[in-house]
Amino acid sequence: MGDFTIYDGSNPHIEAALRMVSDTRCLRLGEGVIGQMGDVFTAYFSGRSALIVADTNTFAAAGKEVIDALTAAGVQVVEPLVFDEPDPHAHISHVERIEQRIGASDAIPIAVGSGTINDVAKLAAHRCGRAYIAVGTAASMDGYTSFGASIIADGAKQTFFCPAPIAVIADLAVITQAPSELNAAGYGDLLAKIPAGADWILAATLASEPIEPQAWSLVQDHLRAWASNPAAIRRGEPQAIAGLLEGLVMTGFAMQWSKSSRPAAGAEHQFSHLWDMCHHRHQGGVPLHGAKVAVGMLASTRLYEALLAEPLHELDVPRVCAGWPSLDEVEELVRRTHDLPEVRAVAWREMQAKYLTRDQLAQRLERLKAVWPDLRKRLQQQLIPSDEIAQMLHEVGAPDHCSRIGIDVSRLRRSHHEAWQIRSRFTVLDLAAETGLMDTCLDRLFGPGGAWAGGR
């Protein structure tokens, strides 16, 4: 069993999660817990040295405090590895650079930062056969306690096998001072578990991917409560930030327990990964992960709403199957859809992995027709209306329209087709494509009077 300190003094949900997971043994979440860094390190790595991994911003936010706490506990701290750029990409070259530094000593890496820093340090530590510690500097994503790392390698955003950190330190005194857009991005990443849950319901019903009750419970049981006060999160109120952190931590635990991102990611993340793979930039930088996921969440929710308006229990299965492409036609479709060769290669691989013959498609669609009335009700109960989501994102300061991250509506429309092709995981994008209703739904959403016809 792990140990923890939580903002309000006790948290049975986190305690139960620590009993379940295999990698993370210690979570310290609260005011001033960064001062416990030395005690945590020596409890697991007595006699070892420490290597701080950070970027210029995150080192300024917490690096000195971490070093001071380690030094006070008698831990040798080797020269920190601080990436010069304030917003490094999660690229395999950064992983390799950390590997070189770790391999030159017995040092245990300590990731001081959020998404990118945590992911590159996590994978580097695993490749060197070492555990690591994560020190959060913002409530910006759910990766602190998650299994796996999302890294750009060979031109594609890939999830690499690697364990979660053995300990996580999340000091509210640091995190409440993070730029508001970082915590807003974390809110977008957390709220996106709503449509991700709908995608899992869909996959469990139609694609033989059963819901794991423990992982589902960790994410979904308290999700609406964690996301209930976006305005307070924007103001940086400690109690609201603590709730956001709890949600992100628990989501990471769900991924750690299931050894999969399925409990936390669906179509909304496919949009984000697509734009990462296409090297999308806006206003001179790469939009935050949670900002891209927020837009993807709006896109997937609105696609759900369009599909939920369709009488799928009356679907003309023979007509749909007659128009279903052969595998050779799929290859040509992929070639026409993607300009970048590396993205095209990923799409072709994933489309082959999930390709259905016409007979297989007919079987799935007949099942869809039979279950649609009940499935439709379950999906409606799971989802939050897209207009309400947009308002929540607006209140927290996250993007509430694709233009906020530099994606125009014509590109967003194309992105539905592109995102469908880059992942074999079954989502609402597959439902739209397999029923032959993708373009019908997009015409409704992007046409005059549609949800994407204007901006906020």
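Would region 96-117 turn up any residue that is within 20 Å of residue 289 (Cα to Cα) and acidic (Asp, Glu)?
Scanning region 96-117, I find no residue that is within 20 Å of residue 289 (Cα to Cα) and acidic (Asp, Glu), so the answer is no.
Would a scan of region 239-252 turn up a residue that is surrounded by fewer than 18 Cβ atoms within 10 Å (Cβ to Cβ), part of a helix (DSSP H, G or I) and either out of contact with any Asp or Glu (no Cβ under 9 Å at 6 or more places or on another chain) or assigned by TED's automatic domain parsing to the domain that holds residue 298 (or both)?
No: region 239-252 contains no residue that is surrounded by fewer than 18 Cβ atoms within 10 Å (Cβ to Cβ), part of a helix (DSSP H, G or I) and either out of contact with any Asp or Glu (no Cβ under 9 Å at 6 or more places or on another chain) or assigned by TED's automatic domain parsing to the domain that holds residue 298 (or both).
Counting only residues that are of a type in the set (Val, Ile, Thr) and more than 24 Å from the chain's Cα centre (by Cα), how many does region 99-133 have? I'd like the intermediate steps shown before the answer.
As a first pass, look at region 99-133 and keep what is of a type in the set (Val, Ile, Thr): 102, 108, 110, 112, 116-117, 120, 133.
After this cut, where a residue has to be more than 24 Å from the chain's Cα centre (by Cα) as well, the list is 102, 108.
Residues meeting the conditions: 2.
Could you run through region 73-101 and say how many residues are at pLDDT 90 or above and part of a loop (DSSP other than H, G, I, E, B)?
Total meeting the criteria: 7.
Going by the conditions given, is residue 56 among the polar types (S, T, N, Q), touching a residue at least 24 places away in the same chain (Cβ under 8 Å) and touching an Asp or Glu at 6+ places or on another chain (Cβ under 7 Å)? Walk me through how you get there before you give the answer.
Values: among the polar types (S, T, N, Q): yes; touching a residue at least 24 places away in the same chain (Cβ under 8 Å): yes; touching an Asp or Glu at 6+ places or on another chain (Cβ under 7 Å): yes.
Considered against the rule, which asks whether it is among the polar types (S, T, N, Q), touching a residue at least 24 places away in the same chain (Cβ under 8 Å) and touching an Asp or Glu at 6+ places or on another chain (Cβ under 7 Å), residue 56 comes out as yes.
Results for (1) on the phi < 0 side of the Ramachandran plot; (2) in a helix (DSSP H, G or I); (3) small (Gly, Ala, Ser); (4) crowded, with 24+ Cβ neighbours inside 10 Å, shown as yes or no for each residue.
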position	(1), (2), (3), (4)
261	yes, no, yes, no
273	yes, yes, no, yes
276	yes, yes, no, no
294	yes, yes, yes, yes
320	yes, yes, no, no
330	yes, yes, no, no
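Checking the structure you have, find out if any residue of region 213-231 is closer than 18 Å to residue 268 by Cα, under 15 Å from the mean Cα position of the chain (by Cα) and in the same structural domain as residue 349 (by TED's automatic domain parsing).
Scanning region 213-231 turns up no residue that is closer than 18 Å to residue 268 by Cα, under 15 Å from the mean Cα position of the chain (by Cα) and in the same structural domain as residue 349 (by TED's automatic domain parsing).
Identify, please: which residue in region 102-116 is surrounded by 20 or more Cβ atoms within 10 Å (Cβ to Cβ) and modelled with pLDDT under 90 and is, among those, farthest from residue 277 (Cα to Cα)?
It comes out as 114.
(1) of a type outside the set (Asp, Glu); (2) more than 30 Å from residue 240 (Cβ to Cβ); (3) in contact with a helix residue (DSSP H, G or I) (Cβ under 6 Å, 6 or more places away or on another chain); (4) buried (at least 17 other Cβ atoms within 10 Å of the Cβ): which one isn't true of residue 304, the others all being true?
(2)
Would region 117-138 turn up any residue that is within 24 Å of residue 243 (Cβ to Cβ), of a type outside the set (Lys, Arg), in contact with a Pro (Cβ under 7 Å, 6 or more places away or on another chain) and surrounded by 24 or more Cβ atoms within 10 Å (Cβ to Cβ)?
Yes, some residue in region 117-138 is within 24 Å of residue 243 (Cβ to Cβ), of a type outside the set (Lys, Arg), in contact with a Pro (Cβ under 7 Å, 6 or more places away or on another chain) and surrounded by 24 or more Cβ atoms within 10 Å (Cβ to Cβ).
Residue check: is residue 326 within 26 Å of residue 451 (Cβ to Cβ) and surrounded by fewer than 18 Cβ atoms within 10 Å (Cβ to Cβ)?
No.
Of all residues in region 369-391, which are of a type in the set (S, T, N, Q) and closer than 19 Å to residue 197 by Cβ?
Within region 369-391, the first condition is being of a type in the set (S, T, N, Q), and the residues that meet it are 380-382, 386, 391.
Residues satisfying the conditions are 380, 381, 382, 386.
Out of (1) more than 27 Å from residue 305 (Cβ to Cβ); (2) in a loop (DSSP other than H, G, I, E, B), the odd one out for residue 135 is which?
(2)
Hand me the list of helices (runs of 4 or more DSSP H) wholly inside region 368-442 holding 1 or more residues that are free of Cβ contacts under 8 Å to residues at least 60 places away in the same chain and of a type in the set (Asp, Glu). Walk me through it before giving the result.
Details: elements: 386-396, 409-421, 428-434.
Here the list reads 386-396.
Only residues in region 334-358 that are exposed (fewer than 15 other Cβ atoms within 10 Å of the Cβ) count as the first member; pair them with residues that are polar (S, T, N, Q), Cβ under 8 angstrom, at least 6 apart or cross-chain, and list the lot.
Pairs found: 353/424.
Could you tell me which residue of region 153-209 is nearest to residue 91 (Cα to Cα), considering only residues that are acidic (Asp, Glu) and either touching a Cys at 6+ places or on another chain (Cβ under 7 Å) or surrounded by 21 or more Cβ atoms within 10 Å (Cβ to Cβ) (or both)? Quick ask: steps written out before the conclusion?
So in region 153-209, the residues acidic (Asp, Glu) come out as 154, 171, 181, 189, 199, 209.
Next, only the ones that are either touching a Cys at 6+ places or on another chain (Cβ under 7 Å) or surrounded by 21 or more Cβ atoms within 10 Å (Cβ to Cβ) (or both) stay: 171, 189, 199.
Values: 171: 27, 189: 20, 199: 28 Å.
That would be 189.
When both residues are 6+ apart or on different chains and their Cβ atoms are under 6 Å apart, which pairs have a first residue that lies in region 97-113 and is touching a residue at least 60 places away in the same chain (Cβ under 8 Å) and assigned by TED's automatic domain parsing to the domain that holds residue 44, and a second that is surrounded by fewer than 14 Cβ atoms within 10 Å (Cβ to Cβ) and of a type in the set (Lys, Arg)?
Close Cβ pairs (under 6 Å, with a partner that is surrounded by fewer than 14 Cβ atoms within 10 Å (Cβ to Cβ) and of a type in the set (Lys, Arg)) do not exist here.
Go over the candidates 406, 397 one by one and state the one that is touching a strand residue (DSSP E or B) at 6+ places or on another chain (Cβ under 8 Å) and either on the phi > 0 side of the Ramachandran plot or outside the structural domain of residue 331 (by TED's automatic domain parsing) (or both).
Going through 406, 397 in turn, just one is touching a strand residue (DSSP E or B) at 6+ places or on another chain (Cβ under 8 Å) and either on the phi > 0 side of the Ramachandran plot or outside the structural domain of residue 331 (by TED's automatic domain parsing) (or both): 406.
The values are calculated or read from the model by the stated rules, or taken from the named source; none is laboratory data. Worth saying up front: this structure is predicted, and the values here are computed from it rather than measured. Please note: Cβ atoms are built from the backbone with ideal geometry, for glycine as well, and neighbour counts cover all protein chains shown.
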